[in-house]
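Peer 1: Quick one: this structure, given as structure tokens, is what I'll be asking you about.
The values are calculated or read from the model by the stated rules, or taken from the named source; none is laboratory data. Note that the structure is predicted; figures quoted are calculated from it, not measured. Every residue, glycine among them, receives a Cβ derived from its backbone with ideal geometry; neighbour counts consider all protein chains shown. What goes into the accessible areas is simple: the full protein's heavy atoms, side chains included, and nothing from ligands, DNA or RNA. Shrake-Rupley method; radii C 1.70, N 1.55, O 1.52, S 1.80 Å.
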Amino acid sequence: MLGAYFDFIRIRFLTMLAYRVNYYSGILIYTLNIGVNYFTWKAIYGDGESLGGFTGAQMTTYVAVSWMARAFYFNNLDREISTDIRDGSIAIQFIRPYNYVLVKMMQGLGEGLFRFMMLMIPGMLIAILLFPVQLPTEASAWAGFLVMLFFSFLISSQINIITGLSAFFVENNEGMMRMKRVVVDLFSGLIVPITLFPDWLSSVLKVLPFQAITYLPGSVFTGRVQGVGIWNVLGIQVIWFLILLVPIVWLNHAARQRLFVQGG
């Protein structure tokens with residue numbers, strides 16, 4: 001049965017490969033996002049050397065790696081689940097001999113692996129050529145970042161699955177999906193590092209899962225977190241991964257009790 005789940009990774013990867021031209025344009029879009037943010041932060045820094053604990057070089061690196069990391073962990077699992085619920089195909093999915101939520105996670109991983117190879121790596125290479133990105137020199141930073149990147153995908157996908165399953169209870173969760181995307185991009189530190197938020201808001205965000213998606217991996221890559229600190233921030237990701245399993249299991253169970261199909 002485990003092999004069947006791995007097949008879902010392979011099938012989604014091959015499906016994305018059939019539309020790989022879309023991701024060539026994605027490289028351009030992500031590079032433009034990095035460029036806009038780079039020149040914006042360059043203007044904000046001016047002659048200053050540090051802002052919110054980031055030097056100018058660290059901020060450039062943080063912006064580049066954060067946007068390219070998003071290329072890996074981003075997916076539309078919430079919209080896929082919502083569509084399955086609205087068109088009634090979820091009923092067929094539930095009676096098949098596999099765990100629906102786990103299948104969606106495997107499909108998301110297949111897409112993520114494709115994005116990692118076809119979008120993130122080429123995009124990062126272009127960003128390094130165009131902008132003054134400083135790569136880590138310590139092997140521990142590279143290893144820690146790659147492991148944390150995987151957990152970024154897991155946590156982001158968990159939030160998407162929770163948002164998608166909410167369609168069982170609100171029927172149309174379009175507003176929730178849009179709000180979720182804005183909240184994740186803003187409060188994860190993708191747009192603005194968490195250290196630049198007001199102290200009260202920064203303190204609140206440090207007890208929420210969003211920082212584990214972008215800010216913490218970016219802090220490791222830029223060298224703001226080193227040594228034993230890498231294990232500490234990785235531990236935060238692991239804790240949030242385990243915590244988010246609880247609402248997913250509950251929603252999945254409650255959804256099966258509430259399932260009804262409109263039309264067919």
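Peer 1: Can you give the angle from 0 to 90° between the axis of helix 174-187 and the longest principal axis of the chain, with both taken from C-alpha atoms, to the nearest 10?
Peer 2: So the helix axis and the longest Cα principal axis differ by about 30 degrees.
Peer 1: Probe radius 1.4 Å, ligands and nucleic acids left out: which of Ile162, Ile90 has the largest accessible area, and how do the rest follow?
Peer 2: Largest to smallest exposure gives the sequence Ile162, Ile90.
Peer 1: If a/c stays under 1.5 just call it rounded; otherwise compare a/b with b/c (prolate if a/b is bigger, oblate if not). Do that for the range 95-136, with a ≥ b ≥ c from the square roots of the Cα gyration tensor eigenvalues.
Peer 2: Judged from the Cα gyration tensor, the range 95-136 comes out prolate (a/c at least 1.5, a/b above b/c).
Peer 1: When the Debye formula is applied to the Cα atoms of the chain, each taken as the same point scatterer, what base-10 log of I(q)/I(0) results at q = 0.08, 0.15, 0.17 Å⁻¹?
Peer 2: -0.34, -1.14, -1.39
Peer 1: Carbon and sulfur: what percent of the chain's accessible surface (1.4 Å probe)?
Peer 2: Result for the chain: 68 percent of the exposed heavy-atom area is carbon or sulfur.
Peer 1: Counting other C-beta atoms within 10 Å, and keeping those with at most 15, which DSSP coil GluC sites (Glu not before Pro) do you find in the range 125-233?
Peer 2: Within the range 125-233, the qualifying GluC sites (Glu not before Pro) (loop, at most 15 other Cβ atoms within 10 Å) are Glu138, Glu171.
Peer 1: Any idea what Rg and Dmax come out to for the range 183-224 if you just take the C-alpha atoms, in Å?
Peer 2: That works out to 9.3, 26 Å for Rg and Dmax.
Peer 1: From the C-alpha gyration tensor of the range 77-225, pull out the three semi-axes of the equivalent ellipsoid (sqrt of 5λ each), sorted largest to smallest, in whole Å.
Peer 2: Sorted largest first and rounded, they come to 32, 20, 13 Å.
Peer 1: Another one. Treating the angle as unsigned and between 0 and 90°, give the value, to the nearest 10°, between the Cα long axis of helix 56-73 and the longest Cα principal axis of the chain.
Peer 2: Roughly 10 degrees between the two axes.
Peer 1: Below 11 angstrom from the Cβ of Phe210, what's the summed charge of the other residues (Lys, Arg +1; Asp, Glu -1)?
Peer 2: +1
Peer 1: Here's something else I'd like to know. Quick check for you: with a 1.4 Å probe and neighbouring chains kept, what is the accessible area per residue of the chain, in Å²?
Peer 2: 49
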